[in-house]
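Accompanying notes for the structure given below.
Nothing in this text is a laboratory measurement; each read-out follows from the coordinates by a stated rule. Keep in mind the model is a prediction, meaning the values are calculated, not measured. FYI the Cβ positions are ideal-geometry reconstructions off the backbone, even for glycines, and counts take in every protein chain you see.
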Amino acid sequence: MERLLYFLPAHPQPAYMRLGTSALIMAFFILVQMGLQSQSGFGGLFFLLPGIFFCGILFDRGSSFFATVLATIFAVYTAPAGPWSAHLLTLGLFVATGIVIGVVAEAFRNAMEKVVAAEKAKTVLLMELAHRTKNNLAMISAMMRLQARRADVSAADALGDMASRIQVMAQVYDHLTIRTERKVVDAKQYLTELCQHLSASISGASPVAITARADELYIHSEQAVPIAIILNELVTNSLKYAFPDERPGHIHVELHVDGEVVLTVSDNGIGIRTQPPEGVGSRVVSLLSQQLGGTIDFENLDQGCRVTLRMPKPSV
């Protein structure tokens, strides 16, 4: 079917091209009809119908209607002698058949174009999926290598951290949507739900509250994954280190979108002990912020600390 469309002219074509080519096609089929009629004496108009179909599938129903008019004119001039009332029914049926064939031909071409477009979209989607999977696996591999360099972390803790990061990556694809023919993620909804998930995971185990506020932002999934991992790392680090001895506290996440995207995670804990912060999580945050073309800043507050990610606003 794709090969057939390769031989058909693309839409739209100029009127003179459509009508001129339709006239040439019908002239050919009329000559064939005249030759068959002179050889066999058969006066039917059925051999003109393929010409009407070709005009419709090459261009549109307007071209097939024009071809029907040409075929009808030929039928009128070659009609046997006799009263016109004897030919009206035959001509009416021929015109109606030509119109139906034209509509069917155009619908058939449109259906072929949709099928071919769907096949191409599926191919692109599979290529994109393979590329995205390769990138995600490379990201997981890099984070595992960073984790493996820390000899002071138990295997159970390291595996737990990696499982959390992989889960964050997987959840991004639950929020994929189509916007202007591109697959994007509603970052406002996803990051808010991620904070709710983190809050629910510590419910009853830690007296720390997690709140979030986000502006509307749509980003490509390849950008959503590192942003989500950065947020997960920052909130997890605050939960681990900012509130020792089960002290109560508050973590606030804010996504602000203006000329740039600004993601801040602040808490009222004990603050940052070392500058720059050490640890696998902080290293992951730094590398992913570079991947996004942004910067990451750690700062101590009068009470607690604030981490700010700044990156260019993506276009979708």
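Assuming 0.36 nm per residue, please report the length gained on full extension of the stretch residue 27 to residue 295 beyond their Cα-Cα distance. The partial results should precede the final answer.
Values: separation 268, 0.36 × 268 = 96.48 nm, distance 7.03 nm.
Extra length from residue 27 to residue 295 when fully extended: 89.4 nm.
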Length-normalised contact order of the stretch 184-312 in % [C-alpha pairs under 8 Å, at least 6 apart]: 24 percent
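Can you tell me the length gained on complete extension of the stretch residue 91 to residue 196, counting 0.36 nm per residue apart and subtracting the Cα distance? Walk me through the numbers before you get to the answer.
Working: separation 105, 0.36 × 105 = 37.80 nm, distance 7.24 nm.
This chain segment gains 30.6 nm when fully extended.
Share of Cα-Cα pairs in the stretch 184-312 beyond 22 Å, in percent? List each step's numbers first, then the result.
Working: 2543 of 8256 pairs.
Result for the distance tail: 31 percent.
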Counting Lys and Arg as +1 and Asp and Glu as -1 over every other residue whose Cβ sits under 13 Å from the Cβ of residue 108, the net charge comes to 0
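Kindly put 305, 55 in sequence by how many other C-beta atoms sit within 10 Å of each C-beta, fewest to most.
Details: 305 23, 55 33.
Listed from fewest to most nearby Cβ atoms, that is 305, 55.
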Formal net charge of residues neighbouring residue 207 (Cβ-Cβ distance under 9 Å; K, R +1; D, E -1): 0
For residue 76 and residue 315 in the same chain, what is the full-extension length gain: residue separation times 0.36 nm, less their Cα-Cα distance, in nm? 79.9 nm
How much net charge surrounds residue 67 when only the other residues with a Cβ under 14 Å from the Cβ of residue 67 are counted, with Lys and Arg +1 and Asp and Glu -1? 0
Antiparallel DSSP beta bridges within the stretch 184-312, as percent of all bridges there, nearest 5: 75 percent
